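Chemist: Attaching a single structure in structure tokens format; questions to follow.
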Amino acid sequence: MADWCGDVIMGNEVTLKNKTILITAAGQGIGGASALACAKAGALVIATDINADLLAKYDGVAGIKTRVLDVTDGDAIAALAADLPDLDGLFNCAGVVHHGSILDLDDAAWEISLNLNITSMVRMCRAFVPGLLRRSQSEGTASILNMSSMASSEKGFINRTAYGATKAAVIGLTKAIAADFVAQNLRCNALCPGTVDTPALQGRIAEAPDPVQAEKDFIARQPMGRLSVVGDLTPTVVHLLSDNSSFMTGQAVLVDGGCTI
Ligand code: NAD
């Protein structure tokens, strides 16, 4: 290949070598798949979850260490940040779906969604940004990824009032952090998946009055005629945490199978 090609070909091999990345809600579902994908790409992953039993499956898995963390516990977040080395990447994945319109949303349910979907991310970012900034200064880049959803980025969905509102707040938080730290090369992006087949989704289907119809309805809103699987998302997660995305910040990245076209 001619010498000049090296200057114009973009996209190095995606690697997370020498990066320490913390993931919340990594016990299963999208967070769990992301922990495995990041470790496979060479990162040291700190997989956190509220559920210690779910984390036990990582015992002996190369590249993954585990810590129990309830992201609604501000003191636990601060203590964990004080106890860990500085991070190169932070994936705030934890979140919860409240099913219902504004008429079904009492204050208690709203507080749960607010707490888990957005206040937790504010606290995680506040606790870990100083270390991420030290790494972005010494290594040239660091990256935060916040879990949002297609159900807020472009379009409203029925029975997703608390979810849509709090996941939209995630995008606002993401852009604000991106703007504040862009000059220091600390990047911050949001991920907006479509409907992903995870234990949480299976739980929502099982709880529906007619589970068979509920699954059909979830599939019907995906124009590709299938649910997303976690493997549809992990390449984007790894990319956004890697240096290959070093010119991307403040973006709400849709991986939704064309749902919002
Ligand atoms: P999941 O239920 O499969 O996994 C969620 C994990 O979160 C579990 O391991 C659980 O133990 C953990 N968790 C629950 N409460 C916690 C807390 N307080 N602190 C720490 N961990 C806690 O869920 P999932 O479907 O993989 O969803 C993960 C994220 O992706 C959520 O933010 C969700 O809103 C978002 N998302 C999911 C879909 C989807 O269709 N599944 C679509 C878009 C966005």
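The values are calculated or read from the model by the stated rules, or taken from the named source; none is laboratory data. What you see is a predicted model; the values in this text were computed from it and never measured. Ideal geometry is used to build each Cβ from the backbone, glycine not excepted, and the neighbour counts take in all protein chains shown. Just the protein is used for accessible areas: all its heavy atoms, side chains included, with ligands, DNA and RNA removed. Shrake-Rupley method; radii C 1.70, N 1.55, O 1.52, S 1.80 Å.
Chemist: Hey, any hits in segment 197-211 for a residue that's of a type in the set (A, V, I, L, M), closer than 22 Å to L116 by Cα, assigned by TED's automatic domain parsing to the domain that holds A25 and in contact (Cβ under 8 Å) with a residue 40 or more places away in the chain?
Modeler: no
Chemist: I'd like the full set of residues that are in contact with a helix residue (DSSP H, G or I) (Cβ under 9 Å, 6 or more places away or on another chain), surrounded by fewer than 18 Cβ atoms within 10 Å (Cβ to Cβ) and under 23 Å from A179 (Cβ atoms), limited to segment 245-261.
Modeler: Once the filter is applied, which keeps residues that are in contact with a helix residue (DSSP H, G or I) (Cβ under 9 Å, 6 or more places away or on another chain), surrounded by fewer than 18 Cβ atoms within 10 Å (Cβ to Cβ) and under 23 Å from A179 (Cβ atoms), segment 245-261 yields M248, G250.
Chemist: Do we find that L173 is within 14 Å of the chain's Cα centre (by Cα) and assigned to a helix (DSSP H, G or I) in this structure?
Modeler: For L173, the condition - within 14 Å of the chain's Cα centre (by Cα) and assigned to a helix (DSSP H, G or I) - is met.
Chemist: Take the residues in segment 158-197 that are surrounded by fewer than 21 Cβ atoms within 10 Å (Cβ to Cβ) and among the polar types (S, T, N, Q); name whichever of them is nearest to the ligand (Cβ to nearest atom).
Modeler: Restricting to residues being surrounded by fewer than 21 Cβ atoms within 10 Å (Cβ to Cβ) and among the polar types (S, T, N, Q), the top hit is N159.
Chemist: Do the conditions hold for A37, that is, is it part of a strand (DSSP E or B) and within 16 Å of the ligand (Cβ to nearest atom)?
Modeler: So A37 fails the test.
Chemist: Follow-up. Does segment 116-157 hold any residues that are among the hydroxyl-bearing types (S, T, Y), assigned to a helix (DSSP H, G or I) and away from the ligand (no atom under 16 Å from the Cβ), and which are they?
Modeler: Listed by number, the residues that qualify are S136, S138.
Chemist: Please pick out the residue among L241, L233 that is away from the ligand (no atom under 12 Å from the Cβ) and open to solvent by less than 20 Å² (accessible area, probe 1.4 Å).
Modeler: L241
Chemist: Find the helices (runs of 4 or more DSSP H) located wholly in segment 185-261 whose residues include 3 or more that are under 18 Å from the mean Cα position of the chain (by Cα), and list them.
Modeler: 199-207, 230-241
Chemist: Could you please let me know if D86 is part of a helix (DSSP H, G or I) and either open to solvent by 20 Å² or more (accessible area, probe 1.4 Å) or touching a Phe, Trp or Tyr at 6+ places or on another chain (Cβ under 8 Å) (or both)?
Modeler: For D86, the condition - part of a helix (DSSP H, G or I) and either open to solvent by 20 Å² or more (accessible area, probe 1.4 Å) or touching a Phe, Trp or Tyr at 6+ places or on another chain (Cβ under 8 Å) (or both) - is not met.
Chemist: Follow-up question, since we're still on this one. Anything in segment 49-63 that is away from the ligand (no atom under 14 Å from the Cβ) and either in contact (Cβ under 8 Å) with a residue 24 or more places away in the chain or closer than 12 Å to G31 by Cβ (or both)? List them, or say none.
Modeler: V61, G63
Chemist: Looking at segment 73-93, can you tell me whether even one residue there is within 16 Å of the ligand (Cβ to nearest atom), under 19 Å from the mean Cα position of the chain (by Cα) and without any contact (Cβ under 8 Å) to a residue 40 or more places away in the chain?
Modeler: Yes - at least one qualifying residue is present in segment 73-93.
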